[in-house]
Amino acid sequence: MILIDPPAWPAWDRVWSHLVSDESYEELHAFAKAAGIPARGFDRDHYDVPSDQYDSLIAAGAVPVSSRELVHRLTKAGLRHRKRP
């Protein structure tokens, strides 16, 4: 399943959401490609997507969840990659 959290992460004069899969990276990359999200938006285990794409990604099938739930599901699926110190 493709999940998206609410836009809450400010950077580069925009607010961003995270787009993840709780199944596989293949599912995530396929969804992102179909939605026109550039590959440069991928960061370790998620895509960063600007707030102006939030509604269209939900319309395309992404399921809105809280940021906490997104991290929980990503971790439970074994797909979480944390930043290294």
- Task: May I ask you to work out the translational diffusion coefficient for the chain at 25 °C, viscosity 0.890 mPa s, via Stokes-Einstein with Rh from the Kirkwood sum over Cα pairs, reported in whole µm²/s?
- Result: 193
- Task: Among DSSP beta bridges whose residues both lie in the chain, state the antiparallel percentage, nearest 5.
- Result: 85
- Message: If I stretch the segment between Ala34 and His72 completely, what's the gain in nm (0.36 nm per residue apart, minus their alpha carbon distance), one decimal?
- Response: 11.2 nm
- Helix-only CD estimate at 222 nm, as mean residue ellipticity for the chain, using -39500 (n - 2.57) per DSSP H run (n ≥ 4): -8500 deg cm²/dmol
- Query: So how strong a dipole does the chain carry about its Cα centre when Lys and Arg Cβ are +1 and Asp and Glu Cβ are -1, to the nearest 20 debye?
  - Reply: 420
- At a Förster distance of 25 Å, what's the computed FRET efficiency of Ala60 paired with Trp9, Cβ-Cβ distance as r, to 0.05? 0.75
- Surface accessible to a 1.4 Å probe, per residue, for the residues of the chain, Å²: 64
- Task: Rank these by accessible area, largest first, 1.4 Å probe: Asp43, Asp22.
- Result: Asp43, Asp22
- Provide the net charge surrounding Ala32, with neighbours chosen by a C-beta distance below 13 Å and charges set as Lys +1, Arg +1, Asp -1, Glu -1. -3
- Task: Could you pull out the chymotrypsin sites (Phe, Trp or Tyr not before Pro) across the range 5-44 that fall in loop regions by DSSP (anything but H, G, I, E, B) with no more than 14 other Cβ atoms inside 10 Å?
- Result: Trp12
- Going from most exposed to least, what order do Val65, Val20 have by accessible area with a 1.4 Å probe? Val65, Val20
- Note on the structure: Charge tally for neighbours of Pro7 with beta carbon under 12 Å away, counting Lys, Arg as +1 and Asp, Glu as -1, is -3
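The values are calculated or read from the model by the stated rules, or taken from the named source; none is laboratory data. From a predicted model like this one, the values you see are computed outputs, not experimental measurements. Note that each Cβ is placed from the backbone with ideal geometry, even for glycine, and that neighbours are counted across all protein chains shown. For the accessible areas, the whole protein counts, side chains as well, though only heavy atoms, and no ligand, DNA or RNA atoms are used. Shrake-Rupley method; radii C 1.70, N 1.55, O 1.52, S 1.80 Å.
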